[in-house]
Amino acid sequence: MVSQYLAGLPAFGMYFGLSLVFLLVFKFIYTRITPHDEWHLVKEEKNTSAAVALAGAFLGYAIAIAGAASNSVNLVDFALWGVIALLAQIAAFAIIRFGFMPKLIERIKNDELPAAIIMATMSISVGMLNSACMTY
């Protein structure tokens, strides 16, 4: 009886492991494409705005990854949608930075919380939309 309950454990392990890898890859890529050093701002300068914006980006990506994991038919499908989700999060950053708030980077560096809240909200919103659109 217990073996029936644990039959899905290998698939869980693979999807969960790949999800964690995706989060690490996202952190690496996202923090490289943003012109400010989020980790330095958060760790060394205790910049709340940088923490809020980065947390929103992570949460938005995690929501999209969750949608991809829930709706994918295999690991390759999941990986493909994980890459698409990453590109959508980068696009969200670009839309805010170049479209709605050209001085976003300066405002986050200056610890202006309203700018960070807008960035985080956009990231989470894009993640939710991305996740919802992955249902097929």
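Filtering A88, A115 for residues that are touching a Leu at 6+ places or on another chain (Cβ under 7 Å) and in a helix (DSSP H, G or I) leaves a single hit, A115. Does S49 satisfy the condition of being at pLDDT 95 or above, under 19 Å from V76 (Cβ atoms) and in contact with a helix residue (DSSP H, G or I) (Cβ under 6 Å, 6 or more places away or on another chain)? Considered against the rule, which asks whether it is at pLDDT 95 or above, under 19 Å from V76 (Cβ atoms) and in contact with a helix residue (DSSP H, G or I) (Cβ under 6 Å, 6 or more places away or on another chain), S49 comes out as no. I'd like to know if the stretch 58-79 contains one or more residues that are more than 11 Å from the chain's Cα centre (by Cα), over 26 Å from K46 (Cβ atoms) and β-branched (V, I, T). Yes - at least one qualifying residue is present in the stretch 58-79.
The values are calculated or read from the model by the stated rules, or taken from the named source; none is laboratory data. All of these numbers come straight from a predicted model, not from anything done at the bench. Every residue, glycine as well, gets a Cβ built from its backbone with ideal geometry; the counts of neighbours run over all protein chains shown.
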